[in-house]
1. Out of everything in region 74-91 that is within 23 Å of the chain's Cα centre (by Cα) and buried (at least 17 other Cβ atoms within 10 Å of the Cβ), what residue ends up being farthest from Phe377 (Cα to Cα)?
2. Do you know which residues across region 357-373 are surrounded by fewer than 24 Cβ atoms within 10 Å (Cβ to Cβ) and touching a helix residue (DSSP H, G or I) at 6+ places or on another chain (Cβ under 7 Å)?
3. Given the criterion open to solvent by 10 Å² or more (accessible area, probe 1.4 Å) and in contact with a helix residue (DSSP H, G or I) (Cβ under 6 Å, 6 or more places away or on another chain), identify the matching residue among Leu130, Leu170, Leu96.
4. Going by the conditions given, is Ile182 open to solvent by less than 10 Å² (accessible area, probe 1.4 Å), farther than 30 Å from Ile35 by Cα and either touching a Ser or Thr at 6+ places or on another chain (Cβ under 7 Å) or without any contact (Cβ under 8 Å) to a residue 24 or more places away in the chain (or both)?
5. Give the number of residues within region 1-37 that are closer than 17 Å to Leu118 by Cβ and among the acidic types (Asp, Glu).
6. Being within 17 Å of the chain's Cα centre (by Cα) and within 19 Å of Ile54 (Cα to Cα) is the filter; apply it to region 255-277 and report the residue that is surrounded by the most Cβ atoms within 10 Å (Cβ to Cβ).
7. So the check is Cβ under 9 Å with 6+ separation or different chains; which pairs have a first residue in region 69-85 that's farther than 20 Å from Ala142 by Cβ and a second one that's hydroxyl-bearing (Ser, Thr, Tyr) and modelled with pLDDT of 95 or more?
Amino acid sequence: MKYFSLNKQSPQVNFREATLLGQAPDKGLYFPEQIPQINPDFLASLKTQSPTSIGMEIMQPFVGDCIPPEVLEGIIKETLSFRVPLVPITDKIASLELYHGPTLAFKDVGARFMSRCLGYFSQERTGRVLVLVATSGDTGGAVADGFYDVEGVDVVILYPSGKVSPVQELQLTTYGKNIHAIEVMDDFDACQRMVKMAFADDEIRSAIFLTSANSINVARWLPQQLYYFMALQQWQEKVPPVISVPSGNFGNICAGMMAAAGGLQIEHFIAAVNANDVVYNYLNTGNYNVTKAVPTLSNAMDVGDPSNFVRIMQIFGNSFPALKNNLKSYRITDDETIETISSVYQKRGYTLDPHGAVAYLALERFLEKHQAASGFFLETAHPVKFPAAVERGIGKPIEVPEQVKQLFNKEKLSLKMQPGGGMFKNYILDRFTQ
């Protein structure tokens, strides 16, 4: 499998090169030259397949011969070592719980897969690899956990000060060793700009080998397809599901659309967004206008310039009508988010996190107009990560898992930094090129 830059000004590369580079030299995102079509016999037998067999069937065409099959199988086993249950809430709506991994968030799948791929690839290199990642919440913790103590790899995580939850902050700032956290005194988009500036800086690139662990990296983005297959494995209805995805940087829903483009039977996708509504507005007006991110209760979705949307457009041949035929978007306010957490808890006994609540309400609104349909939403993080919002909704303290209690005894290790490229550039050159 070869990958090309969506800016189309860089040479094609294989999976190894795309993973190590993260972003193409022309600043474009990598995209596979073709979308592998899934064997119909495999899809027919999906309900009997193991997580490892699903992972091998889906990921091997993307990886090609860059990783030996026995090594890839080991990576997939470690990546999918936790449950991904599809839990019914109503007779029409189910929750795909993606928070049963080590950092209680859906990003564990992509981060674990990528870290193990990069660990394998780094064995072939003489120098260290520096991974840069901007996070609006859960990516940081998942990347920190996935890359902690990986030989030959340092990780720098940039996060917006005061705009991630206390648990999220502890998950990304308490590892130490090869994990370095920078608290940026601005929003997520500022963090993302700093990462992009570093990648564009010739002096940095000549001094140290950089890659990214954000969903711009194919090794972080593509394995997110796997839990869509695991969800369909548990789907009991005769008609394909409508899937509602809480969307910020749009990597998660883009992975689902890749799975559908490869043959997975999905009726429709819903991009559930908060006040950061660039894609919602685009679908309704045809005008794509990037905006400054607005802080909300569903903070992991607070992205004003979603990187992965260009990949979604590529899946649909850059056709706006084709996109509209496959994607609907709903914008949910913070007040509606709290109301949904409260209503679902009182009526169904199910506790939603703010991101799941946004996706639940979006799916409910879609189903009101499509009575014959049913579907599920992605519950992307454990509610304990957002105690203030969740406890407002359910009216009582949330039960704290033991692995979260242990975090509160750890020391926060982070460096505060003003936004912009100059100070960050000096930090990289001083810290990692000695």
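1. Among them, the one singled out is Ile75.
2. Our first condition is that a residue be surrounded by fewer than 24 Cβ atoms within 10 Å (Cβ to Cβ); within region 357-373, this holds for 364-373.
Hit for region 357-373 is Ala373, nothing else.
3. On the way: Leu130 fails: open to solvent by 10 Å² or more (accessible area, probe 1.4 Å); Leu96 fails: open to solvent by 10 Å² or more (accessible area, probe 1.4 Å).
Exactly one residue qualifies, and that residue is Leu170.
4. Numbers: open to solvent by less than 10 Å² (accessible area, probe 1.4 Å): yes; farther than 30 Å from Ile35 by Cα: yes; either touching a Ser or Thr at 6+ places or on another chain (Cβ under 7 Å) or without any contact (Cβ under 8 Å) to a residue 24 or more places away in the chain (or both): yes.
Criteria met by Ile182.
5. 1
6. So the first thing to find is which residues in region 255-277 are within 17 Å of the chain's Cα centre (by Cα), and the list is 255-259, 269-274, 276.
If we keep only those that are within 19 Å of Ile54 (Cα to Cα) too, we end up with 255-259.
On the way: Ala255: 25, Gly256: 20, Met257: 27, Met258: 24, Ala259: 24.
Applying the filter and picking the extreme gives Met257.
7. Glu73/Thr52
This table checks each residue for (1) charged (D, E, K, R); (2) open to solvent by 10 Å² or more (accessible area, probe 1.4 Å); (3) touching a helix residue (DSSP H, G or I) at 6+ places or on another chain (Cβ under 6 Å); (4) on the phi > 0 side of the Ramachandran plot.
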{"site": "Met197", "(1), (2), (3), (4)": "no, yes, yes, no"}
{"site": "Asp202", "(1), (2), (3), (4)": "yes, yes, no, no"}
{"site": "Thr211", "(1), (2), (3), (4)": "no, no, yes, no"}
{"site": "Phe229", "(1), (2), (3), (4)": "no, no, yes, no"}
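The values are calculated or read from the model by the stated rules, or taken from the named source; none is laboratory data. The structure displayed is predicted, hence computed values, not measured ones. Counting neighbours? That spans all protein chains shown, and the Cβs are built from the backbone with ideal geometry, glycine included. Accessible surface areas use protein heavy atoms only, side chains included; no ligands, DNA or RNA. Shrake-Rupley method; radii C 1.70, N 1.55, O 1.52, S 1.80 Å.
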